[in-house]
Structure formats: structure tokens, C-alpha cells
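Please read the structure below before turning to the comments.
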Amino acid sequence: MIKKIGYAIIGLSFVASIFFVYHNYSFYDRPIAEVVKTTLIDSVDIENEDQIFTQRLLAELKNGPAKGELIELTNDYSLSGANDQKFQLGSEIFVSINEDSTSSELTGSIEDIKRDKYVVIVGWVFIFTLLLVGRKQGLFSIISLVVNAVLLSYALDLYLSTSGISLLLISGVSIILFTVISLLLVNGLNEKTYAAIIATLLGTFLSLLITYIVMVITNENGLRYEEMQFITRPYKMVFMAGVFIGALGAVMDVAITMSSSIFSLYEKNHQISVEALKKSGLEIGKDIMGTMTNILFFAYISGSIPMLLLYLKNGSTWMFTLSMNLSLELARALAGGIGIVLTIPIGLYTAIYFVNRKRARA
């Protein structure tokens, strides 16, 4: 009965959210218009092998005093689509309205794109995938994700609204809460969860400590903080906080993998020796170490691809381009990799400790 009620609530939430984002124009202060006609009026070739197109749009206003009226817009877009976009019939855009006193027709300019419906659809695909694969654990994963997002938002607001609290201190407390809430919600109150929590916290804090020591010894040579030049807070502290939180995800994954594997081996064979558990755990750690390190590397590097292409397209050398754009990302990846490697033995021996406690009580 409870399961049916839960599914009913999820289904109603899905229908209600989809209906809302498709009919929420009145909740926006800015005018929104839906494209009803597009006409290509011009195209220009430029020197960098790109091509600029100009299209005239006729759109219907969906909110505001002029709701229902048509507005003429002009849109320039390129083949690359780096800073612009080609609009199709049905595209919804935020516009600014210019009232021409010599004409009864409304004209204006494009300010932004209304993307909320796509975000909601992708979000529900993610939720349904988690529920389909994880069932109950998937539901708790969603809850933990929401709770962690709220906690992170509150932590950042706390740091911005106060000047006497260190960002690293706030990040440290947040990481403890993230770890405990996530693992308890997904895996419950048991020895496996306790082992994973301890391994996660030890691995994350040790990786940050080693990273800080290396930065002090090398005097931060090679780190380029130019991408942080617009923030008004100490850039080194912000970078370290990013390393702190960035390493948590990979370290937590390794910790719960090691803990689950050791406890699964014990549950299948209560007579298994500690040496056999160590040997099996080390083999599992070796298998996941390379893949997890690669995941960190690709996750951090992928966000820099547009800037890499921009620098190389403008004639910058490979070394200059990489040093300007990848120094911080590589440092984050290396710090996370250190955390992964350290968490494997920490998670192994922590899980074995709790297995021995469980065995002694049996």
C-alpha cells in the first residue's frame, strides 16, 4: 500500500511539474514570446571560416500587458553556435519590447532562451532512471541529492554573508554532513555504512592535507589562478575548497565500493579469513583505481575544451594553452586521485575492522 502511494505521488508530481513548466508564463516578470514564423534574410562569410546568418522571427507574446500580440525580432546566429542559437518554430524566448510610435507593430530584441521545460524533462529522466534501477535506494539517492544541494546552497550563503568564517571550515563541516547524510540514507544504519563514512572522511581530509603540503613546498609554482581573477574572495582559499568538495564524490564512491565488497564476501562465507579478505579487497581496489582516476581527469578536463579550442584557434602554443587553462583542473584531478589511492587501503582495513567486530559478536 505504501509503495502504491509513493508511486502515485511521484506520478502526480511528474504530471504537475510538466504541466506547470508548459503554462508558467505568468510567473515571469520578463516578457516571453513563442516563435510562430522564421525567415532567413541574410548570410555573411567571415574570415575565420565561420558563417553568420540572420533570421527574422515573428513571435507571439505569452505574458504581460501585450499578451497574444505578435512581435518582430531579428536573430543573428553562427554555424558554431558558441554564443548564439538558431531558433525554430515553437522556440520560447525572453524578449524586450520596443514600441515604435510610427507603427502599430511591436518590435524588440532577444534577451535569453526559456529553458525550464527542458531542465525539468531531463531531471525527470534522471529521477525515473534512478527509481527504475535503484528502486528504494534510488529514491533515497534522490532525497540525499536534494538535501545535499540545499546544504551546499546554505553553506555558500553563510560564507557570503559572513566575513569571519573560513570557507575551508564551512567546506569541512559540509563534507562531513554530505558524507553522513548520503551514506546513511542510501545504505542505512549498519557496519558497512559506518566503515564507508570513516574511509570517506579520512581519504578526503588526507588528500586535502597532502595537496596543501605540496602547494607549500612548491610555493604554488605552475598554478594559474587567472580564471579566478574576478572573484572578491581569496582565490587560494576558494581553490582549496573546490579541491576539498571535488575529491569527495570520487572518494565516497571508492569507500562504499570497498566496504560493500568486503561485507559481501563476508556475508557469502562467514568463515573467510582476514588474509583472504585483504587479498580480494586489494584486487578490487586495483581494478577500480585506474577507472576512477580517469573519471576524475575527464570530468575536470571536459569543461575546459571550449577554452582550449579558443586559445589554439588564436595561435597560442600548446604549452601556453595547457598551462593557462588546465593547471587548476589537473591539480584538482591529482588531488582527487591521491584521495582515491589512499581510500583503497583505508576503506579495506576499516571494513575488515568492522567485519571482525561483527564476527566477534556472532
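Quick notes on this one:
- Within segment 297-340, if we keep just the residues that are of a type in the set (Val, Ile, Thr) and assigned to a helix (DSSP H, G or I), the residue that is nearest to Val251 (Cα to Cα) turns out to be Ile340.
- Count of segment 253-277 residues which are among the acidic types (Asp, Glu) and surrounded by fewer than 16 Cβ atoms within 10 Å (Cβ to Cβ): 2
- Number of the condition not met by Ser280 [criteria: (1) without any contact (Cβ under 8 Å) to a residue 40 or more places away in the chain; (2) surrounded by 17 or more Cβ atoms within 10 Å (Cβ to Cβ)]: (2)
- Pick from segment 44-71, criterion over 16 Å from Tyr25 (Cα atoms) and not in a strand (DSSP E or B), ranking: modelled with the highest pLDDT: Asp50
Let's see how each residue does on (1) in contact (Cβ under 8 Å) with a residue 60 or more places away in the chain; (2) under 27 Å from Ile352 (Cα atoms); (3) in a helix (DSSP H, G or I):
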| residue | (1), (2), (3) |
| --- | --- |
| Val216 | no, no, yes |
| Glu220 | no, no, no |
| Gln271 | no, yes, no |
| Asp287 | no, yes, yes |
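- Flag for Ala351 being surrounded by 21 or more Cβ atoms within 10 Å (Cβ to Cβ) and under 16 Å from Val254 (Cβ atoms): yes
- Looking across segment 78-102 at every residue that is in contact with a strand residue (DSSP E or B) (Cβ under 6 Å, 6 or more places away or on another chain), at pLDDT below 85 and in a strand (DSSP E or B), the one that is nearest to Asn24 (Cα to Cα) is identified as Asn98.
- Filter pass, Ile231 being hydrophobic (A, V, I, L, M, F, W, C) and surrounded by fewer than 17 Cβ atoms within 10 Å (Cβ to Cβ): yes
This table checks each residue for (1) in contact with a Ser or Thr (Cβ under 8 Å, 6 or more places away or on another chain); (2) surrounded by fewer than 22 Cβ atoms within 10 Å (Cβ to Cβ).
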| residue | (1), (2) |
| --- | --- |
| Leu152 | yes, yes |
| Ser161 | no, yes |
| Leu168 | no, yes |
| Ser171 | no, no |
| Ile175 | yes, no |
| Ser182 | yes, no |
| Asn187 | yes, yes |
| Ile197 | yes, no |
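- If you go through segment 108-166 and keep only what is in a helix (DSSP H, G or I) and charged (D, E, K, R), you end up with Asp116, Lys117, Lys136, Asp157.
- Exactly one residue among Phe239, Phe244 is farther than 21 Å from Ile346 by Cβ and in the same structural domain as Ser171 (by TED's automatic domain parsing), and that residue is Phe239.
- All of (1) at pLDDT below 90; (2) more than 20 Å from Leu326 (Cβ to Cβ) hold for Phe239 with one exception: (2).
- Flag for Tyr212 being surrounded by fewer than 18 Cβ atoms within 10 Å (Cβ to Cβ), free of Cβ contacts under 8 Å to residues at least 24 places away in the same chain and over 18 Å from Leu151 (Cα atoms): no
- Gly336 within 30 Å of Lys279 (Cβ to Cβ) and assigned by TED's automatic domain parsing to the domain that holds Ala255: yes
- Residues (at pLDDT 85 or above and either β-branched (Val, Ile, Thr) or outside any helix (DSSP H, G or I) (or both)) located in segment 246-269: Val251, Val254, Ile256, Thr257, Ile262
The values are calculated or read from the model by the stated rules, or taken from the named source; none is laboratory data. Model, not experiment: these values are computed from the prediction. Reconstructed Cβ throughout: ideal geometry from the backbone, glycine too, with neighbour counts over all protein chains shown.
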